[in-house]
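For reference, the structure is listed below as structure tokens.
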Amino acid sequence: MHLVGGTSGIGESTAREFIRHAQAPRVYLVGRSQEQADHLTTEFKELNGEAQTHFIKSDVSLLRNVDEVCKEISAKEEKVNLLVLSAGILTMKGRDGMLSCNFPVHCRYCLYPDVNRK
Amino acid sequence: MTETTEGLDKKLSLHYYSRLRFATNLLPQLRAASTAEPHLARVISVLGAGHEGNFNTSDLSLRNPGSYSLRAAANHAISMTSLSFDRLACDPANQGISFVHSNPGAVNTNVTRNLGWVTKKVVSAAMPILKMAGMLTSVAESGERHVWVGTSEKFKSGMFLIGPQGEKEADAVFERLKREGAGEKVWGHTKEVYGKVCGEGQKYEG
């Protein structure tokens, strides 16, 4: 399974759960933090010895960067199973006074290509 | 409003334009995945499904200072995501792909780090209250839920608006926006932005 995900927040936790349950998953983490990505790569390998994690460092708030990232991914992968898009900046939706802390701060996208589910 | 060098609001770019660009760029790979074992091809945008609202169709990118507000930016990103995902799902070429717009609810991520001191205090005070009310999801659990949404047979093909518990979100507003033709306007506008920024390498100026 191929997942493209992020380096923190919901993107990160989705990638983690994915790795835990999938057979030979290949994960692309797209984000700005090399350090975070390195931690996750190590952790994911321990969680699932067959996991392959690739980090693409990019600021995806720019569309031209998105194009570069996609070019890189499509050169390596014929198939993408899961594309998890969770990059964002906190906004406060205050209509009913509740704070909705939905969005992780760092850019992250999860693509999980070619998974064989357990 | 924070404008990127490409002429788009940064929030709107991260929440809508950038995500849609990922989805449209990778359609060939998603299509290939949908026709091969295990026939799984899914795009999930973690945003705010169910919170669509009336939005300013004459200023979709919210470039006019008077139009812009945090709420408008959220509204636009959410509504445009649902409408464009629907558009993609309705394309027969994308038959085996599902497009999921998720509302994760309140999740305890480390999301407050960019906020000011006072707001941070308010947010951390709110967390235990939300937790007691059963409205707070841990990051780990949210990850599990999103993997479930990403792999469950329930969401095999089509467009879905999904809430924090994996339930179907209210879609009356979305359906109305669609009936009113907002989807066409959004798609046309999105293509225009992509053409200008990605096609021509120019700044988008409305």
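The values are calculated or read from the model by the stated rules, or taken from the named source; none is laboratory data. Because the structure is predicted, anything quoted here is derived from the model rather than measured. No Cβ is skipped: glycine too gets one built from the backbone with ideal geometry, and neighbour counts run over all protein chains shown. These area figures cover heavy atoms from the full protein model, side chains too; ligands, DNA and RNA do not enter into them. Shrake-Rupley method; radii C 1.70, N 1.55, O 1.52, S 1.80 Å.
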_Shielding of B:3-13 by partner chains, average beta-carbon count, 10 Å_ = 3
_Cβ neighbours within 10 Å from other chains - mean over B:33-39_ = 4
_Heavy-atom accessible area order for B:L27, A:L62, largest first, 1.4 Å probe_ = A:L62, B:L27
*By accessible area of protein heavy atoms, probe 1.4 Å, what ranking do B:S58, B:S18 get, highest first?*
B:S58, B:S18
*With each pseudo-label sitting 7 Å past Cα toward Cβ, what's the B:S152-B:L70 distance in nm, one decimal?*
3.1
*Give the long-range amide H neighbours of B:S45: residues separated by 5 or more places, or on another chain, with amide H under 5 Å away, using H modelled in the peptide plane at 1.01 Å from N.*
A:L85, B:V100, B:H101, B:S102
*Buried solvent-accessible surface, both chains (B, A), 1.4 Å probe, Å² to nearest 100*: 5300
_Whole-Hz ³J(HN,Hα) from phi, Karplus 6.51 cos²θ - 1.76 cosθ + 1.60, for the range B:43-56, glycine and proline x_ = 10, 10, 10, 8, 8, x, 3, x, 10, 5, x, 4, 9, 7
_Taking the Cα centre as origin and putting +1 on Lys and Arg beta-carbons and -1 on Asp and Glu beta-carbons, what dipole magnitude results for the range B:1-95, to the nearest 20 debye?_
120
*Anything over 27 Å Cα to Cα? Flag those among A:K79/B:K185; B:K10/B:K191; A:K76/B:K178; A:K76/B:K168; A:K71/B:K191; A:K45/B:K11, in the order listed.*
A:K79/B:K185; A:K76/B:K178; A:K76/B:K168; A:K45/B:K11
*List the relative contact order of the range B:134-206 as a percent without decimals, with contacts defined as Cα pairs under 8 Å and 6+ residues apart.*
14
_Sorting check: for B:30-40, B:93-103, which peptide has the highest mean count of neighbouring beta carbons within 10 Å, and how do the rest follow?_
B:93-103, B:30-40
_Net charge of neighbours whose Cβ lies under 10 Å from the Cβ of B:K196, counting Lys and Arg as +1 and Asp and Glu as -1_ = -2
*Amide proton proximity set for B:H51, modelled H, under 5 Å, gap of 5+*: none
*Once both labels are modelled 7 Å past Cα along the beta-carbon direction, what's the B:E205-A:S74 spacing in nm?*
2.9
*asked:* Averaged over its residues, how many other protein chain Cβ atoms are within 10 Å of peptide B:61-69's Cβ atoms?
replied: 0
